[in-house]
1. Listed residues 63, 23, 29, 92; which is more than 16 Å from the chain's Cα centre (by Cα) and in contact (Cβ under 8 Å) with a residue 24 or more places away in the chain?
2. Looking at 55, 100, can you tell me which residue is over 24 Å from residue 1 (Cα atoms), out of contact with any Cys (no Cβ under 9 Å at 6 or more places or on another chain) and not hydroxyl-bearing (Ser, Thr, Tyr)?
3. For the condition at positive phi, in contact with a Ser or Thr (Cβ under 7 Å, 6 or more places away or on another chain), modelled with pLDDT of 95 or more and among the polar types (S, T, N, Q), what is the one hit in 46, 76?
4. State which residue is most open to solvent (accessible area, probe 1.4 Å) when the search covers only the range 15-27 and only residues that are closer than 14 Å to residue 94 by Cβ and in contact with a Gly (Cβ under 8 Å, 6 or more places away or on another chain).
5. Test each condition in (1) open to solvent by 50 Å² or more (accessible area, probe 1.4 Å); (2) without any contact (Cβ under 8 Å) to a residue 60 or more places away in the chain; (3) assigned to a strand (DSSP E or B) for residue 81 and report the one that comes out false.
6. Looking only at residues in the range 28-66 that are touching a strand residue (DSSP E or B) at 6+ places or on another chain (Cβ under 6 Å) and in a loop (DSSP other than H, G, I, E, B), which one is most open to solvent (accessible area, probe 1.4 Å)?
7. Please give the number of the condition residue 4 fails out of (1) under 28 Å from residue 115 (Cα atoms); (2) touching a Cys at 6+ places or on another chain (Cβ under 7 Å).
8. Being surrounded by fewer than 17 Cβ atoms within 10 Å (Cβ to Cβ), within 20 Å of residue 33 (Cβ to Cβ) and over 11 Å from the mean Cα position of the chain (by Cα) is the filter here, so list the residues in the range 99-115 that pass it.
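The values are calculated or read from the model by the stated rules, or taken from the named source; none is laboratory data. A quick note: this is a predicted structure, and the numbers were derived from the prediction, not measured. Note that each Cβ is placed from the backbone with ideal geometry, even for glycine, and that neighbours are counted across all protein chains shown. When the accessible area is computed, the model is the full protein with side chains, heavy atoms only, and any ligands, DNA or RNA have been set aside. Shrake-Rupley method; radii C 1.70, N 1.55, O 1.52, S 1.80 Å.
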Amino acid sequence: QVQLVESGGGLVQAGGSLRLSCVASMSIVSFKAMAWYSQAPDKQRNMVAKITAGGATTYGSSVKGRFTISRDNARNTLYLQMNSLKPDDTAVYYCAAGLGSADIWGQGTQVTVSS
């Protein structure tokens with residue numbers, strides 16, 4: 001059973017930083033792409049950042065210039081560096097991975113940014 005486990009969320013003040021981690025139970029080089037999504041209460045789940053197997057990155061418009069997605073293949077870990085956090089960033093952040101035939105989702109980690 002493929003699993004993704006997120007960590008690194010927490011409570012921070014506006015302007016602060018967090019680094020989220022997503023550890024996979026299999027080699028992440030097997031994934032066609034990996035991504036971070038966020039979902040605030042009563043809102044749809046939105047793509048925050050994505051990285052393809054080839055290393056191409058894509059960012060949601062609201063986080064460009066503030067967040068950075070990266071990975072460590074040797075540690076089977078995906079990261080999201082979150083800087084200059086805003087209260088509007090408050091949400092549950094989910095790690096996702098695409099195998100081509102199926103999408104895998106983690107359980108999410110809560111990020112709360114206070115003003």
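1. 29
2. 55
3. 76
4. Taking the candidates together, the pick is 21.
5. (2)
6. 32
7. Only one criterion in (1) under 28 Å from residue 115 (Cα atoms); (2) touching a Cys at 6+ places or on another chain (Cβ under 7 Å) is unmet by residue 4, namely (1).
8. Result: 99, 100, 101, 102, 103, 107.
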